[in-house]
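All remarks here apply to the structure that follows.
What follows draws every value from the coordinates through simple rules; no lab data is involved. For clarity, every value in this text was computed on a predicted model and none was experimentally measured. Here the Cβ positions follow ideal geometry from the backbone for every residue, glycine too, while neighbour counts run over all protein chains shown.
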């Protein structure tokens, strides 16, 4: 995969049972941002996802079992580290994330020296009223309590990570591509920037989240934010030599 863009970036696409979407999103990425590499991580799909990947001769890793989003993403991070990438961005295989914003996010990271660049749906507009958006606001509030900084869209999965965070994800296999990890990394000195994006609805298949699962997810994230903050404070006091410092 030879590219001419000077900031070597890998687009990681975790995919689980996305036979109806994966070709569309990969072809769109190849058309919209051909200067960047991509890697599909087939997360033990039991539909025809891997058959589509083979037929189209896409760049992919086929996991024999389902590891979940975190496991699949960390496989992509390991690949990025081994191949000396400057940055990694996760793009959902359901087409929710629009690839047209990737170059802007990469340019922002390169010029601003950010560790994480997040595509935010709510940087320039208000959240609509719903239980899920209430959960988004709740996570944002607790994140601000812990970090003293505001994330307008903490649940956005469209996040670009710098090289040193690629190394950190690989070194610490417990990190997840989730809001509580972003908040924790911010408390450790990670510099985070949001840019405005518009996200799209899924066109094929079904989302993992229903109302009940979304509610449970939001509460788990809030609890994780508080527990990780408590852990971070204890580490600073008892084992300062082990303190993760990204500054």
Requested in this report: Say whether the condition of being surrounded by fewer than 20 Cβ atoms within 10 Å (Cβ to Cβ), without any contact (Cβ under 8 Å) to a residue 12 or more places away in the chain and either touching a helix residue (DSSP H, G or I) at 6+ places or on another chain (Cβ under 6 Å) or over 14 Å from residue 89 (Cα atoms) (or both) is met by at least one residue in the range 174-184.
Outcome: yes
Query raised in the report: Does any residue of the range 55-62 turn out to be over 19 Å from the mean Cα position of the chain (by Cα) and part of a strand (DSSP E or B)?
Result: yes
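From the list 35, 6, 28, which residue is touching a residue at least 60 places away in the same chain (Cβ under 8 Å), under 23 Å from residue 166 (Cα atoms) and out of contact with any strand residue (DSSP E or B) (no Cβ under 8 Å at 6 or more places or on another chain)? First the steps, then the outcome.
Working: 6 fails: touching a residue at least 60 places away in the same chain (Cβ under 8 Å); 28 fails: under 23 Å from residue 166 (Cα atoms).
Matching residue, one of 35, 6, 28: 35.
Do you know which residues across the range 154-168 are in contact with a strand residue (DSSP E or B) (Cβ under 9 Å, 6 or more places away or on another chain) and over 18 Å from residue 106 (Cβ atoms)?
Of the residues in the range 154-168, the ones in contact with a strand residue (DSSP E or B) (Cβ under 9 Å, 6 or more places away or on another chain) are 154, 156-163, 165-166, 168.
154, 168, listed by residue number.
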Report task. Residue by residue through the range 91-120, note down the ones that are within 13 Å of the chain's Cα centre (by Cα), surrounded by fewer than 22 Cβ atoms within 10 Å (Cβ to Cβ) and under 19 Å from residue 32 (Cβ atoms). Result -> 92, 96
